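Notes to accompany the following structure.
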Amino acid sequence: VDLVNAGTGLQAFRSALGSFASGVTVLTVRRADGTAVGMTASAFSSVSAEPPLVLVCVNRANRRHDDIVTAGRFAVNVLAHAGHGVADYCARPGAEKILDEGWLADAESDGPPAVIGTIAHFDCDVRALHPEGTHSIVVGAVRNIRLAPGGEVADDPLLHFRSRYRTLVSAPAAT
Ligand SMILES: Cc1cc2nc3c(=O)[nH]c(=O)nc-3n(C[C@H](O)[C@H](O)[C@H](O)COP(=O)(O)O)c2cc1C
């Protein structure tokens, strides 16, 4: 493949990062008044297994940033493909993105809830915040994990690549 020099402008940066296919998560927070709110995020990574630590990068201009800092707790919900509706809902700029019961898999929990279509749920305490550029690297100490049983097509992940949601296509089985 011939690579074309694209510089370091915003468009080049976005295009290059969009070429890194990723899963999609919704970050959830339970506010002090009991309401649950969400934000779609793909900048999610593992940090350490012992102790279990993860990170998410959240724009400080996003309303969820202060919700996460105030609550000191958030959840990372890794989405199945069936979760693309909640991913769209939680990515709308400027919208409040309150998650009422219709969006939740566990409306009765008092912690940061799981949204519908979640295949892995990391309930985290905020362990550290590192401001970098426009974002904060939010390090989460995992206090609990919940998992979908797995093995079902319904558990196929929601993927994101070059500005579009994608579906996992399994390679044909070797014969
Ligand atoms: C697929 C996808 C991934 C995203 N990943 C992130 C992310 O990792 N960090 C982030 O700060 N915003 C991310 N966003 C954008 C936020 O979801 C969006 O800015 C936020 O919902 C805006 O909320 P606000 O206007 O209410 O503050 C992503 C959006 C999409 C569609």
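The values are calculated or read from the model by the stated rules, or taken from the named source; none is laboratory data. No experiment lies behind these values; they were computed from the predicted model shown. Counting neighbours? That spans all protein chains shown, and the Cβs are built from the backbone with ideal geometry, glycine included. When the accessible area is computed, the model is the full protein with side chains, heavy atoms only, and any ligands, DNA or RNA have been set aside. Shrake-Rupley method; radii C 1.70, N 1.55, O 1.52, S 1.80 Å.
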- Query: Per residue and in Å³, how big is the convex hull formed by the alpha-carbon atoms of the chain?
  - Reply: 153 Å³
- Going residue by residue through the range 98-103, the Karplus relation 6.51 cos²θ - 1.76 cosθ + 1.60 with θ = phi - 60° gives ³J(HN,Hα) values, rounded to whole Hz and with x marking Gly or Pro, of 6, 9, 8, 3, x, 9
- Query: Once label points are set 7 Å from the Cα along Cα→Cβ at both A21 and D88, what is their separation, rounded to one decimal in nm?
  - Reply: 2.2 nm
- Task: Sum -39500 (n - 2.57) across every DSSP H segment of at least 4 residues in the chain, then divide by the residue count to get the 222 nm mean residue ellipticity, nearest 500.
- Result: -3500 deg cm²/dmol
- Centre separation in Å (Cα based) which lies between the range 1-69 and the range 111-150: 11 Å
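Determine the share of the chain's accessible area contributed by carbon and sulfur atoms, expressed in whole percent, with a 1.4 angstrom probe. Can you show the working numbers first?
Numbers: 5800 of 10390 Å².
Looking at the chain in its full context, I get 56 percent from C and S.
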- Message: Could you derive backbone 3J(HN,Hα) for the range 160-170 from the dihedral phi with the Karplus parameters 6.51, -1.76 and 1.60 (θ = phi - 60°), listing whole Hz in sequence and x where the residue is Gly or Pro?
- Response: 10, 8, 6, 6, 10, 6, 9, 10, 5, 10, 6
- Between Y165 and D2, how many nm apart are label points set 7 Å from Cα along the C-beta direction? 3.7 nm
- The long-range amide H neighbours of A91, using H built 1.01 Å from N in the peptide plane and a cut-off of under 5 Å, are T40
- Task: Extending each Cα 7 Å along its Cβ direction at A107 and V153, get the distance between those two points in nm, one decimal.
- Result: 2.9 nm
- Over the Cα atoms of the range 55-132, what Rg and Dmax result, in angstrom? 12.6, 36
- Message: Taking amide H atoms as placed 1.01 Å from N in the peptide plane, list the residues 5 or more away in sequence, or in a different chain, whose amide H sits under 5 Å from that of H135.
- Response: R60
- Task: In a Gaussian network model over the chain where Cα atoms closer than 10 Å are linked, find which of A16, A91, A141 has the largest mean-square fluctuation.
- Result: A16
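Can you tell me the accessible area per residue over the range 68-166, all protein chains present, probe 1.4 angstrom, in square angstrom? Display every interim value, and only then the final one.
Values: 5280 Å² over 99 residues.
Roughly 53 Å² per residue, with all protein chains present.
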- Note on the structure: The answer for A114, listing residues at least 5 apart or on another chain whose modeled amide H is closer than 5 Å to its amide H, is A105, D106
